[in-house]
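The values are calculated or read from the model by the stated rules, or taken from the named source; none is laboratory data. Not measured: the values here are computed from a predicted model. Note that each Cβ is placed from the backbone with ideal geometry, even for glycine, and that neighbours are counted across all protein chains shown. Ligands, DNA and RNA are excluded from the accessible area calculation, which covers all protein heavy atoms including side chains. Shrake-Rupley method; radii C 1.70, N 1.55, O 1.52, S 1.80 Å.
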Amino acid sequence: MKRTSSTIPFGFKLSKDPKYLEAVPEELEELEHIKTLVKTKSLSLRDAADWLYHSTGRPISHVGLKKIIDKDDRLGRESR
């Protein structure tokens, strides 16, 4: 994936070529799982952000998580 901003999205890391990003499958799988729990209201956004931090070691804010979920909803994507 080509890098388009200075912020590296959750689930990705810089590749050897700094113009590109590469996926981190473990983070993306955990993110999909958490999105399902948030959408079914099993977890709050804050609890889900904490869960992601503790399970992946990568921080994400509850606001950042909400933006990811809202963007998926706008694009019509379903959680896997």
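Worth a mention:
- The stretch 10-31: number of residues that are within 16 Å of Lys71 (Cβ to Cβ) and touching a Gly at 6+ places or on another chain (Cβ under 9 Å): 3
- Among the criteria (1) in contact with a helix residue (DSSP H, G or I) (Cβ under 7 Å, 6 or more places away or on another chain); (2) at positive phi, the one Ile60 does not fulfil is (2).
- The single residue among Glu26, Glu30 that is open to solvent by less than 80 Å² (accessible area, probe 1.4 Å) and of a type in the set (Asp, Glu) turns out to be Glu30.
- Counting only helices (runs of 4 or more DSSP H) that fall entirely inside the chain and contain at least 1 residues that are of a type in the set (Phe, Trp, Tyr) and without any contact (Cβ under 8 Å) to a residue 60 or more places away in the chain, the qualifying elements are 45-56.
- Exclusive hit being under 10 Å from the mean Cα position of the chain (by Cα) and not aliphatic (A, V, I, L, M), set Lys39, Lys35, Lys2: Lys35
- Which listed residue, of Lys71, Lys39, is farther than 13 Å from Gly11 by Cα and open to solvent by 90 Å² or more (accessible area, probe 1.4 Å): Lys71
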